[in-house]
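Structure first, then comments.
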Amino acid sequence: MTTTYGHELRHDAGLLRSALRDARPTSFWLDDPDRPAPRARLEGDAHADLVVVGGGYAGLWTALLAKERTPARRVVLLEGRRIGWAASGRNGGFVEASLTHGPENGELHFRDELPVLDALAEQNFAGFVEAIERYGIDAELEIEPTLTVATEPYQVDAMREDADPVLEGEELARYGRSPLFRAGILSAHGNAFVHPAKLAWGLAAAAERLGVEIHENTPALSMTRATAGRAITTPNGTIRAAQVALATNGFPSLLKRLRLFTVPIYDYVLMTEPLTAAQLEAIGWTGRHGITDSGREFHYYRKTRDDRILFGGYDAVYHRGRRIRDAQDQRDETFERLADHLYQTFPSLTGVGFSHKWGGMIDMSTRLVAFHGATADRRVAYSAGFTGLGVAATRFGAQTMLDFLDGADTDRTRLTVSRRLPVPIPPEPIAYPLIQTMRRAVARSDANGGKDGPLLRLAGLFGVGFDS
Ligand SMILES: Cc1cc2nc3c(=O)[nH]c(=O)nc-3n(C[C@H](O)[C@H](O)[C@H](O)COP(=O)(O)OP(=O)(O)OC[C@H]3O[C@@H](n4cnc5c(N)ncnc54)[C@H](O)[C@@H]3O)c2cc1C
């Protein structure tokens, strides 16, 4: 059985290369004249009540919410490079309320907790939107739905079983006209879009207005015990703090025992040049909604404020040895495949050029959602493993870390994600062949009418998911 989208190219490689020729090898979102100048490094020794390590969404929300909860607490945030340079400045900007990485994964791992998880997801999404408005953050927030499309007959059947109404024919064409779209469902509840980097920059500015001290280009090199807390060493000074929040995504954790619970997986994105009204009319995409397809290897696409199309996903690449390197942000093979898939989806756009091409690291964990916790008598909290769905969920991770640090027993700290770590992913030499085998099993599942083979079924029994 073959799939609509495949790994082999259906367009001439010369055409694809020429469309990609002028694409800048950097995130469109970060390539912006409004990018703030870097803040000063930490120089010399310092003290704080709370040190937050990591200046992506998880760290920024933690710092901001810590000051909201206790304004007098001295909060210092250390970012190894620049605010939002990593996943938080490179993602698709799909804001989804779900804390379970979708309903199916929720059923698999957290069936008994679904009502409380759904309520917390709703609260978190509302708090996310409310904070952006209250702090006047220009994150280009748009509360708009996402259209999930079926491109294979078996996906249509699954949609008809699960959802009502299922859009087909002319109703579907109002949201997107593609020879590959067979049916679709529109998710409007708990769904929005942001400019990812502007969200990170806006959160940093809001946190500073509340008194958070931010140091960029200040990697935390190690964390050791110190009188009444922890000492964090940086290249030019040591900071002592009563409490530490680790918001370092899939980068090696300062708590070494957590390192096997995430693996860095690279996801890739293309941005087209701005499209004309006539081009968008021709593909039936005149609304502001986003689109995703329903394979296990799936694409996500959305529009920018100036009517470009961001088109990403499908490939998810692991580099041997949990390697994280800037060079891995570029992958010509994947960019050509994505261009090919965009043109297959919307043939009238064939040949449209791309302005940006980039990749970024996702912190995959085996439950496909983040785990949260604390150690050292609740002096050190952590939250990681968002697996490609962290724009909204990182705010929830921040609240949970603060609950732990504040000594509070809440609905959040009582969840499985806060009490039990996921199944770890073994170190090399096992990790690489294991992940490649799982990826092939995922591709086979897509090619086999969505049916999981024995390997994925076995993994499911152990509570291990594999998806992008
Ligand atoms: C290409 C791509 C597309 C995505 N699309 C979506 C999407 O559409 N919707 C969605 O919900 N999610 C999406 N995601 C996932 C989402 O971007 C992440 O889940 C989220 O940004 C994670 O935020 P974070 O703060 O945990 O991590 P990051 O943004 O990675 O921030 C972690 C920070 O910690 C810093 N750091 C690490 N170690 C140290 C140290 N020792 N000292 C100091 N600093 C340190 C790093 O420099 C980094 O800045 C996507 C991710 C990628 C890569």
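The values are calculated or read from the model by the stated rules, or taken from the named source; none is laboratory data. Keep in mind that what you see is a predicted model, and the values were worked out from it rather than measured. Cβ sites come from the backbone with ideal geometry, for glycine too, and all protein chains shown count toward neighbours.
Overview of results
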{"read-out": "Boolean, residue 163 is modelled with pLDDT of 95 or more and of a type in the set (A, V, I, L, M, F, W, C)", "value": "no"}
{"read-out": "Residue 26 vs. criteria farther than 21 Å from residue 217 by Cα, surrounded by fewer than 17 Cβ atoms within 10 Å (Cβ to Cβ) and among the β-branched types (Val, Ile, Thr)", "value": "no"}
{"read-out": "Residue match in the range 219-237 (condition: in contact with a Lys or Arg (Cβ under 9 Å, 6 or more places away or on another chain) and within 14 Å of residue 56 (Cα to Cα))", "value": "yes"}
{"read-out": "Hits in the range 153-172 - residues which are within 25 Å of residue 10 (Cβ to Cβ) and out of contact with any strand residue (DSSP E or B) (no Cβ under 9 Å at 6 or more places or on another chain)", "value": "153, 154"}
{"read-out": "Which listed residue is at pLDDT 95 or above and out of contact with any helix residue (DSSP H, G or I) (no Cβ under 9 Å at 6 or more places or on another chain), from 20, 42", "value": "42"}
{"read-out": "In the range 366-388, the residues that are under 17 Å from the mean Cα position of the chain (by Cα) and either more than 11 Å from the ligand (Cβ to nearest atom) or surrounded by fewer than 24 Cβ atoms within 10 Å (Cβ to Cβ) (or both)", "value": "366, 367, 368, 371, 372, 388"}
{"read-out": "In the range 389-404, residue farthest from the ligand (Cβ to nearest atom) [restricted to those that are in contact (Cβ under 8 Å) with a residue 60 or more places away in the chain and in contact with a Ser or Thr (Cβ under 6 Å, 6 or more places away or on another chain)]", "value": "401"}
{"read-out": "Those residues of the range 15-49 which are closer than 22 Å to residue 359 by Cα and not in a loop (DSSP other than H, G, I, E, B), in sequence order", "value": "15, 16, 17, 18, 19, 20, 24"}
{"read-out": "Residue count, the range 177-217 (criterion: over 30 Å from residue 235 (Cβ atoms), in contact with a strand residue (DSSP E or B) (Cβ under 7 Å, 6 or more places away or on another chain) and of a type in the set (A, V, I, L, M))", "value": "5"}
{"read-out": "Which listed residue is in a helix (DSSP H, G or I) and surrounded by fewer than 21 Cβ atoms within 10 Å (Cβ to Cβ), from 170, 140", "value": "170"}
{"read-out": "Only listed residue being more than 22 Å from residue 39 (Cβ to Cβ) and of a type in the set (A, V, I, L, M, F, W, C), chosen from 254, 270, 246, 221", "value": "270"}
